[in-house]
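Participant: The structure's right below; bear with me while I get my questions together.
The values are calculated or read from the model by the stated rules, or taken from the named source; none is laboratory data. On a predicted model such as this, the values are computed, not experimentally measured, just so you know. Using ideal geometry, Cβ is built from the backbone for each residue, glycine included, and neighbour counts are taken over all protein chains shown. Areas reflect the complete protein model, heavy atoms only, side chains present, ligands, DNA and RNA absent. Shrake-Rupley method; radii C 1.70, N 1.55, O 1.52, S 1.80 Å.
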Amino acid sequence: QLRLVESGGGLVESGGSLKLSCVASGRGLSPYDVSWYRQRPGTEREFVASVWSVTGYIRYAESVKGRFTISRSNLKATIDLQMNDLRPNDTAVYYCYARRDTSEYWGRGTQVTVSS
């Protein structure tokens, strides 16, 4: 069982920055593809960014490209999301996600609120 715990959320003004972190425990992180998702008020959970385990391939949602940066450290078992130029529409609960084959795990989320 892989346990994921997010931190780093909070309240920030429009144009500001936050760095989210996700710490994995229970198993080694290296075999897992990892991602960040978010759920904005009144909407479905949506993909934000991912980094694959083997190739390190990184992908972003169009809405965050150029503003957010995902990174991972298998040694520290962490997945970070640096968020710059935040906008009110980025307000959401942000979730860490890990997948390997048919096994998938979610964190409980961290709230990010961007004021205008």
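Participant: So how much accessible area does Arg100 have, in Å² to the nearest 10, using a 1.4 Å probe?
Facilitator: 110 Å²
Participant: Looking at the chain, send over the antiparallel percent of its DSSP beta bridges, to the nearest 5.
Facilitator: 90 percent
Participant: Rounded to the nearest 0.05, what FRET efficiency is calculated for Lys76 and Trp52 with R0 set to 25 Å and r the Cβ-Cβ distance?
Facilitator: 0.90
Participant: Under a 10 Å cutoff between Cα atoms, tell me which one of Val34, Val64, Val54 has the largest fluctuation in the Gaussian network model of the chain.
Facilitator: Val54
Participant: In debye, nearest 20: dipole of the chain around its Cα centre with unit charges on the Cβ of K, R (+) and D, E (-)?
Facilitator: The dipole of the chain has a size of about 240 debye.
Participant: Each residue of the range 47-58 in order: what ³J(HN,Hα) in whole Hz does its phi give by Karplus 6.51 cos²θ - 1.76 cosθ + 1.60, θ = phi - 60°, with x for Gly and Pro?
Facilitator: Running phi through 6.51 cos²θ - 1.76 cosθ + 1.60 with θ = phi - 60° gives 6, 10, 6, 8, 9, 7, 6, 8, 8, x, 4, 10 Hz.
Participant: If you count only protein heavy atoms with a 1.4 Å probe, what accessible area per residue comes out for the chain, rounded to a whole Å²?
Facilitator: 55 Å²
Participant: Ok, one more. Which order do the peptides 104-110, 41-47, 92-98, 14-20 take when ranked by the mean count of other beta-carbon atoms within 10 Å per residue, highest first?
Facilitator: 92-98, 104-110, 14-20, 41-47
Participant: Over what distance in Å are the Cα centres of the range 19-37 and the range 57-116 separated?
Facilitator: For the range 19-37 versus the range 57-116, the Cα centre distance is 10 Å.
Participant: 7 Å from Cα along Cα→Cβ at both Glu13 and Arg100: what's the point-to-point distance in nm?
Facilitator: The modelled label-to-label distance comes out at 4.4 nm.
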